[in-house]
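Report on the following structure.
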Amino acid sequence: MIFSDLATWEREKALYPKALNRGLEYIRSTDFSTMAPGKHDIEGDLMFVMVQEPTTQSWEKQRPESHQTYIDIQYLIEGEELIKVARLTSDAVISEEDFASRDIAFYETTSVESSILLLPGNFTVFYPSDIHRPVCSVKEDQKIKKVVIKIHKSLLEL
């Protein structure tokens, strides 16, 4: 997992995998105010962006999730969002799994979760070993705007 912002990324991008840098460069150079919510191709099925405008909810109402095939870059544009994160360990109990068609599993239980506060300009990167519970309210429910770049794991393989 990575937690950062675009200014810090500019200074540290030499340390990032090339595919992550392409995704973050896309975020930096794109005007999302003109882009409709939904899925938009960047590099076909290997890298795409989902523009989202969800309403946050208390963390208890959100389900922890993980992915096997895609790495997430979650970038917050408007509002504030709490994301809880835990390592994928053997004590995580899957409640719903659909890796084959949607690349997602939801969890009934996880190991200890940590909390990350996202403000506009912050991003997180979640790998398949990261369980994350996004779109949680910080203080009260609010509409947020965010983008999620999905990067196929084959782009990160050496």
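Just a few scattered comments:
Residue by residue, here is whether (1) in a strand (DSSP E or B); (2) open to solvent by 70 Å² or more (accessible area, probe 1.4 Å) holds:
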{"position": "76", "(1), (2)": "yes, no"}
{"position": "107", "(1), (2)": "yes, no"}
{"position": "112", "(1), (2)": "no, yes"}
{"position": "116", "(1), (2)": "yes, no"}
{"position": "123", "(1), (2)": "yes, no"}
{"position": "128", "(1), (2)": "no, no"}
{"position": "154", "(1), (2)": "no, no"}
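- Being open to solvent by less than 40 Å² (accessible area, probe 1.4 Å) and charged (D, E, K, R) is a description that applies to residue 84.
- Matching residues, the range 50-68, being β-branched (Val, Ile, Thr) and open to solvent by 40 Å² or more (accessible area, probe 1.4 Å): 55
- Index of the failed condition, residue 100 passing every other in (1) aliphatic (A, V, I, L, M); (2) surrounded by fewer than 16 Cβ atoms within 10 Å (Cβ to Cβ); (3) assigned to a strand (DSSP E or B): (3)
- Of all residues in the range 90-109, those that are of a type in the set (Asp, Glu) have Cβ atoms under 8 Å from Cβ atoms of residues that are exposed (fewer than 11 other Cβ atoms within 10 Å of the Cβ), 6 or more apart or on another chain, in 108/93.
- Residues of the range 48-74 that turn out to be among the hydroxyl-bearing types (Ser, Thr, Tyr) and outside any strand (DSSP E or B), as a count: 3
- Going through (1) at pLDDT 95 or above; (2) under 27 Å from residue 139 (Cα atoms); (3) open to solvent by less than 40 Å² (accessible area, probe 1.4 Å) one by one, residue 16 falls short only on (2).
- Condition check for residue 22: part of a helix (DSSP H, G or I) and surrounded by fewer than 16 Cβ atoms within 10 Å (Cβ to Cβ): no
The values are calculated or read from the model by the stated rules, or taken from the named source; none is laboratory data. Keep in mind it's a predicted model, so treat the numbers as computed, not measured. Positions of Cβ are backbone-derived with ideal geometry, glycine not excepted, and every protein chain shown enters the neighbour counts. These area figures cover heavy atoms from the full protein model, side chains too; ligands, DNA and RNA do not enter into them. Shrake-Rupley method; radii C 1.70, N 1.55, O 1.52, S 1.80 Å.
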